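Inspection log for the structure reproduced underneath, given as structure tokens.
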Amino acid sequence: MLIALLWTDILRGFNATIFAYGQTGSGKTYTMQGPSIEDPTHQGLCPRLITQLFDRIEEMKKNKDVELILKVNCIEIYQERINDLLDRTRENLRLRHHQTRGFYVEKCSEIYVNSARDVVELMKRGFGNRRTASTNMNAESSRSHSIFILHLTQQHLNKEINSRLILIDLAGSEKVPRFLFLVNYNGFYYTLL
């Protein structure tokens, strides 16, 4: 029921954010991605949510009065630097603000998608580029914060509706020297370290 409400609100133009926070080894990445991001029986929360959203989008595509445009970004915050997880050559990017666009990461890849499979493949690629290391708690532990953003634009005959689904998987909290604080300003969550 909660997921149905989430998709209804996203399709109405509201932004939604889901994030995992906790100590190393507590299951944040497992919950968000699952043991297999591609296998529907072993997927985590993120790929399942994307699949359900695209079920709703496919219904909307039947309406010829609406054009849907979907694109994704995938970034990491590692040692207080923003890096593009879909293009590893784009590192140390800057957070910018635009009057109409709001907050965005300058020079970050924006890849257009047409299906849940496209999005899951980009998730797999992006999360595979995330920085990891061995810890006492976990053989392969995320050392960076990852942020995956799905942008949805609905172009109707007389209006445009924009919304975002933001999926955040934070690194283990025990190593954070200061409290990690998420701020919502114009619908974009950014990190103050």
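The values are calculated or read from the model by the stated rules, or taken from the named source; none is laboratory data. Predicted, not measured: the structure shown is a model, and the values here were computed from it. Note that each Cβ is placed from the backbone with ideal geometry, even for glycine, and that neighbours are counted across all protein chains shown.
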Quick one: residue 114 ticks every box in (1) crowded, with 17+ Cβ neighbours inside 10 Å; (2) within 21 Å of residue 69 (Cα to Cα); (3) among the polar types (S, T, N, Q) except a single one, so which number is it? (1)
Residues (within 22 Å of residue 118 (Cβ to Cβ) and surrounded by 12 or more Cβ atoms within 10 Å (Cβ to Cβ)) located in segment 61-82: 61, 66, 67, 68, 69, 70, 71, 72, 73, 74, 75, 76
Do we have residue 68 as under 20 Å from residue 165 (Cβ atoms), in contact with a helix residue (DSSP H, G or I) (Cβ under 8 Å, 6 or more places away or on another chain) and touching a residue at least 24 places away in the same chain (Cβ under 8 Å) here? yes
Could you give every pair whose Cβ atoms fall below 6 Å, whose first residue belongs to segment 28-44 and is free of Cβ contacts under 8 Å to residues at least 12 places away in the same chain, and whose second residue is loosely packed, with under 12 Cβ neighbours inside 10 Å, counting only separations of at least 6 or pairs across chains? 42/35
Residue that is surrounded by the most Cβ atoms within 10 Å (Cβ to Cβ), among those in segment 142-161 that are hydroxyl-bearing (Ser, Thr, Tyr) and more than 21 Å from residue 12 (Cβ to Cβ): 146
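Go through segment 74-115 residue by residue and tally those that are of a type in the set (Gly, Ala, Ser) and modelled with pLDDT of 90 or more.
2
Within 20 Å of residue 126 (Cα to Cα) and modelled with pLDDT of 80 or more: which single residue out of 13, 27, 34 fits that description? Even if it seems obvious, please write down each step before you answer.
Values: 13 fails: within 20 Å of residue 126 (Cα to Cα); 27 fails: modelled with pLDDT of 80 or more.
Exactly one residue qualifies, and that residue is 34.
Given the criteria touching a strand residue (DSSP E or B) at 6+ places or on another chain (Cβ under 7 Å) and aromatic (Phe, Trp, Tyr), does residue 78 qualify?
Numbers: touching a strand residue (DSSP E or B) at 6+ places or on another chain (Cβ under 7 Å): no; aromatic (Phe, Trp, Tyr): yes.
No.
Hey, among 6, 2, which residue is modelled with pLDDT under 80, surrounded by fewer than 15 Cβ atoms within 10 Å (Cβ to Cβ) and either closer than 19 Å to residue 164 by Cα or basic (Lys, Arg) (or both)? Before the answer, list the steps.
Values: 6 fails: surrounded by fewer than 15 Cβ atoms within 10 Å (Cβ to Cβ).
Testing whether each residue is modelled with pLDDT under 80, surrounded by fewer than 15 Cβ atoms within 10 Å (Cβ to Cβ) and either closer than 19 Å to residue 164 by Cα or basic (Lys, Arg) (or both) leaves just 2.
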Does segment 154-163 include one or more residues that are at pLDDT 85 or above and hydroxyl-bearing (Ser, Thr, Tyr)? yes
Provide a single number: the residues in segment 28-56 that are surrounded by fewer than 21 Cβ atoms within 10 Å (Cβ to Cβ), part of a helix (DSSP H, G or I) and among the β-branched types (Val, Ile, Thr). 2
